[in-house]
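> Below is a structure I'd like to ask you about.
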Amino acid sequence: MVEYETAETKQAEIEVCKALSERLGVSMVHSGEFEIYDYSFKYLDDECILEVKSRSFASDKYRDTMIDKAKIDGCLALNKDVFLLAIKFTDGICTLKVDKNHKFRYGFAGRQDRNMKKDRKFCYFIPMNLFKRL
């Protein structure tokens, strides 16, 4: 069985959480093991959720980044139709406030380097020019 969350990706998640906590001046609360999102926090009197991803390439390698459609849709359904997505690339952290009005292109795609059916699913293709550098 393939381990999707490795020690390296967990460390990247901690780094992103720490950087965002410092930038926003908030305390992050780690979600439960079976939640669809990674962290929650209170910001300007709003309850917010954070989903963190890690990539093993630079942020400018591809025009779009792929994120599991079910993950995006699930996070939107849980938190008043808006959440924060943060991705740690090899060259830094990029963030995007995702709301229910997004118009991302989607299709069946995913990793092909492991040759596993589970790696291919419906994904949103999110243009990198929508992200902000942290």
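> Give the residue from Cys17, Asn129, Gly32 lying farthest towards the positive end of the charge dipole for the range 12-134; charges sit on Cβ (+1 for Lys and Arg, -1 for Asp and Glu) and the dipole is referred to the Cα centre.
Of the options given, the answer is Asn129.
> So, one more: What nm value, rounded to one decimal, do you get for the distance between Asp60 and Glu47 when each label is placed 7 Å out toward the C-beta?
4.1 nm
> Please give the charge dipole size of the chain, origin at the Cα centre, charges +1 on K and R Cβ atoms and -1 on D and E Cβ atoms. Round to the nearest 20 debye.
About 640 debye.
> P(r) for the range 1-84: what percent of alpha-carbon pairs falls in each 10 Å bin, starting at zero?
Spelled out per bin, shortest first, that is 15, 45, 35, 5, 0.
> Oh, and also: May I ask for the angle, rounded to the nearest 10°, between helix 7-24 and the longest principal axis of the chain, with both axes built from Cα atoms and the value confined to 0 to 90°?
40 degrees
> Could I ask something else about it? Give the relative contact order (percent, whole number) for the chain; include only Cα pairs under 8 Å separated by 6+ residues.
22 percent
The numbers here are math on the coordinates, done by the rules we state, and not lab data. Note that the coordinates shown come from a computational prediction; the quantities given were computed from them, not determined experimentally. A quick note on method: Cβ atoms are made from the backbone with ideal geometry, for glycine too, and the neighbour counts reach across all protein chains shown.
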